[in-house]
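In what follows, a single structure is set out as structure tokens and then discussed.
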Amino acid sequence: DIISRFAEGNIQGLYALFQPQLNIRTGRIESAEALVRWNSPRFGEVSPMVFIPLLEVAGLMEQVTYLVIDKAVQLAADLRKQHMA
């Protein structure tokens, strides 16, 4: 069912999170790791350990990759506008 939802383009509830990477010596954030999460309207919160391997085997990771890249670019642009990057 998960694979068929993604194959149909039904990725409702998929979102990206960004985990800051801190330099312990300087105390400054130097980068961020992009993470993907899925709060499915049907299944609730689905662990990436469940849906990512299924999508990889089915050849459907492109949708997830584009979503995360899009969100990362949006965040970077917003941070630059606020002079935070």
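The values are calculated or read from the model by the stated rules, or taken from the named source; none is laboratory data. Predicted model only: the values in this text are computed from it and were never measured. To get the accessible areas, we keep the full protein, side chains included, count just its heavy atoms, and leave off ligands, DNA and RNA. Shrake-Rupley method; radii C 1.70, N 1.55, O 1.52, S 1.80 Å.
Things worth noting here:
- Computed extension length for Thr65-Ile24: 11.8 nm, one decimal, from 0.36 nm per residue of separation with the Cα-Cα distance subtracted.
- Element breakdown for segment 5-85 at a 1.4 angstrom probe: carbon and sulfur atoms account for 55% of the accessible area.
- Only helices enter the 222 nm calculation for the chain: every DSSP H run of n ≥ 4 contributes -39,500 (n - 2.57), and dividing by all residues gives -14000 deg cm²/dmol, rounded to 500.
- Heavy atoms of the protein chains alone define the surface here; on that basis the chain has 73 Å² accessible area per residue at 1.4 Å probe size.
- Full-extension gain in nm, Ile11 to Glu45, via 0.36 nm per residue minus C-alpha separation: 10.9 nm
- Between 0 and 90°, nearest 10: helix 61-81 axis offset from the chain longest Cα axis: 30 degrees
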